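The values are calculated or read from the model by the stated rules, or taken from the named source; none is laboratory data. In this text, all values refer to a predicted model and were calculated from it rather than measured experimentally. When we count neighbours, we look across all protein chains shown, and the Cβ atoms used for this are built from the backbone with ideal geometry, even at glycine. To get the accessible areas, we keep the full protein, side chains included, count just its heavy atoms, and leave off ligands, DNA and RNA. Shrake-Rupley method; radii C 1.70, N 1.55, O 1.52, S 1.80 Å.
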Amino acid sequence: MVSPVTVVKSEGPKLVPFFKATCVYFVLWLPTSSPSWFSALIKCLPIFCLWVFLLAHGISFLGAHSSARKILAGLIFSALGDAFLIWQEQGYFSHGLLMFGITHILYSSAFGMKPLNLRAGLIIAVISGLSYTLLYPYLSGPFTYLVAVYIALIGFMGWRAIAGVQLTNDLWTWTKLSACLGAVLFMVSDLTIAVNKFCFPVPHSRAIIMATYYAAQMLIALSAVECQDVDAARKRA
């Protein structure tokens with residue numbers, strides 16, 4: 001297993017553009033009340049940088065590891081989802097929901113089905129059910145089932161990411177922990193979006209949503225770095 005110190009030294013410089021783009025987003029803090037292509041670009045820029053981060057590892061690396069390709073594809077759909085959500089008040093919220101739903105399917109496939117870890121799945125199912133129970137009274141029309149499907153998809157993604165963390169055996173890698181933390185932060189970000197949009201205003205919601213979202217995407221992108229070790233672990237599992 002590659003040590004975290006080695007990872008910071010080797011991967012840190014490749015993430016500098018992502019951190020700069022994230023700082024630009026928070027410094028400019030463009031108003032959401034005036035959507036524009038410029039605000040969409042600024043919002044998507046950190047995700048574009050994560051595309052570059054994965055591509056910087058080489059086309060041969062992506063060609064050899066399906067997990068990395070799926071995560072890259074998920075980041076592409078995430079950027080589309082971010083762009084749609086810029087115009088959510090103009091009727092594009094469901095389009096963003098669809099793009100992120102595809103993202104979670106791709107991430108779930110990248111994380112794989114081994115180990116199964118049914119206990120983690122049960123815990124996530126309970127949390128997902130409670131989340132939908134909280135939101136249900138405030139939902140109407142197509143969102144009644146769209147939100148249900150989305151919660152199921154992100155919950156499944158979270159299960160597959162969390163299931164990979166087995167600290168007690170020799171198959172554990174830091175990248176699995178990275179995927180787990182990324183998935184949890186993604187769920188926190190999206191639950192905040194849902195509560196703020198459908199239930200009641202969440203104080204500092206935008207800051208919470210975007211901070212957890214960018215951190216989640218970075219951690220999930222990082223989880224692809226050692227996917228050769230993950231592939232080998234799956235074969236031994």
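With both labels modelled 7 Å from their Cα along Cα-to-Cβ, the residue 126 to residue 56 distance reads 4.1 nm. For the stretch 4-235, lysine pairs with C-alpha atoms less than 22 angstrom apart, excluding pairs fewer than eight positions apart on the same chain, total 14. Heavy-atom accessible surface of the stretch 24-141, averaged per residue, reaches 52 Å², computed with a 1.4 Å probe.
Once the C-beta distance of residue 145 and residue 87 is scaled by a Förster radius of 30 Å, the resulting FRET efficiency is 0.85 to the nearest 0.05. Ordered from longest to shortest, the equivalent ellipsoid semi-axes for the chain are 29, 23, 14 Å, each the square root of 5 times a Cα gyration tensor eigenvalue. Taking the C-alpha atoms only, the angle from helix 174-194 to the longest principal axis of the chain is near 10 degrees. Among the protein heavy atoms of the chain, carbon and sulfur supply 73% of the accessible surface, probe 1.4 Å, non-protein parts ignored.
Given the options 8, 76, 96, identify the residue whose Cα lies farthest towards the positive end of the charge dipole of the stretch 1-96 (+1 on Cβ of Lys, Arg; -1 on Cβ of Asp, Glu). Farthest towards the positive pole: 8. When only Cα pairs below 8 angstrom with a gap of at least 6 residues are kept, the chain shows a relative contact order of 20 percent.
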